[in-house]
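The values are calculated or read from the model by the stated rules, or taken from the named source; none is laboratory data. Note that the structure is predicted; figures quoted are calculated from it, not measured. Cβ atoms come from the backbone with ideal geometry, glycine included; neighbour counts cover every protein chain shown. What goes into the accessible areas is simple: the full protein's heavy atoms, side chains included, and nothing from ligands, DNA or RNA. Shrake-Rupley method; radii C 1.70, N 1.55, O 1.52, S 1.80 Å.
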Amino acid sequence: MTESILAPLQQWLLFSGIAAAVGCIAWRGFVAPRAARATGAAGAPALREVEKRVATVGAATSLLLIGVWILKMVVQVMGFRDPFVPLSEDINFLVLETFWGTVWMAQGAILPLLAGAFLIARRGREGRQVVGAVSPQIEAAPLAASPAWWLAGALVLFLVATLALSSHAMGVESGRPLIVAADGMHALAAGGWIGSLGLILAVGRPGGAPRMSHPLFVAQLRSFSALAIASVFTLVSMGLVLSWTHLHSPSDLWTTTYGRVLSAKVGAAGVVMLLGFLNWRRGLPGSDSADGEDVMRRRAALEVTVAMGVLLLTAILTHTAKP
């Protein structure tokens with residue numbers, strides 16, 4: 001009973017943490033440059049402030065994921081435990097003699113390196129220019145990403161790869177590399193969408209009165225829209241590929257436990273996409289006023305909240321036997 005609750009919880013925390021890490025890289029690589037061009041030199045100091053916050057979130061998330069990584073071993077041992085052999089023998093077998101153990105050790109090596117890369121990125125680099133800024137003399141603003149950001153991006157890609165290599169995609173016999181790649185792209189798209197939106201809502205507003213509409217905050221949301229559209233397209237297309245692979249027939253969606261959980265996940269994801277569409281079509285046009293921004297923030301917060309439910313259903317699905 002404990003394992004049946006702990007396993008999906010651990011997986012949900014892992015999914016959520018990796019989505020946040022992907023969101024940090026997506027914000028820095030896609031949202032920040034567009035927001036910099038939109039706000040120009042006037043927005044450079046505030047954008048630099050937000051960049052530091054994003055890097056801090058990335059470092060904190062990576063450190064917290066180390067605890068989740070340890071919990072992953074606890075859950076695995078609980079499911080694998082043979083009461084007739086010493087505990088150390090079970091652990092040695094899992095870590096040293098299984099592919100799962102290889103992936104688990106890779107995650108453990110990546111996470112502290114990722115935390116360090118984010119911490120170095122937070123320190124920034126003097127004399128950098130903002131992409132699209134009016135004045136080339138602006139200092140301490142996020143332009144060309146520093147080597148630390150590039151390293152963090154590479155490590156996040158490796159982290160997502162370990163997620164795909166421990167998913168249901170590894171159980172596919174035909175076309176396994178393509179299915180594993182589709183699973184990884186699915187995770188990247190989810191993190192790029194929900195992770196970056198959650199970051200904008202949490203740390204994207206520079207210091208100031210909360211009721212005051214801030215040009216940089218709005219610029220980030222406008223810049224995020226293009227990323228969200230690309231992410232949704234990837235999520236839907238890769239989701240169809242994965243569903244076709246994991247189900248034998250459409251009737252599995254309502255006749256099997258796996259299919260019913262998947263149907264619930266698809267329904268919840270549809271709600272998230274609808275909320276995102278409403279924000280894009282109705283929220284952004286009126287976001288230049290304080291009242292309009294408040295409405296958009298509330299709708300976006302609901303979007304992220306429902307998305308966390310989607311990640312929970314995904315975690316449950318991971319620990320549900322395929323039909």
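Mind checking whether some residue in the range 103-126 is modelled with pLDDT under 95, open to solvent by 30 Å² or more (accessible area, probe 1.4 Å) and on the phi > 0 side of the Ramachandran plot?
no
What are the residues in the range 77-126 that are charged (D, E, K, R) and assigned to a helix (DSSP H, G or I), if any?
Pass one, the range 77-126, residues charged (D, E, K, R): 81-82, 89-90, 97, 122-123, 125-126.
Within the range 77-126, 89, 90, 97, 122, 123 meet the criteria.
Select from the range 240-259 the residues that are over 18 Å from residue 183 (Cα atoms) and surrounded by 15 or more Cβ atoms within 10 Å (Cβ to Cβ) and list them in ascending order.
Answer for the range 240-259, where residues must be over 18 Å from residue 183 (Cα atoms) and surrounded by 15 or more Cβ atoms within 10 Å (Cβ to Cβ): 252, 253, 256.
Out of the range 65-93, which residues are touching a Gly at 6+ places or on another chain (Cβ under 6 Å) and surrounded by fewer than 17 Cβ atoms within 10 Å (Cβ to Cβ)?
none
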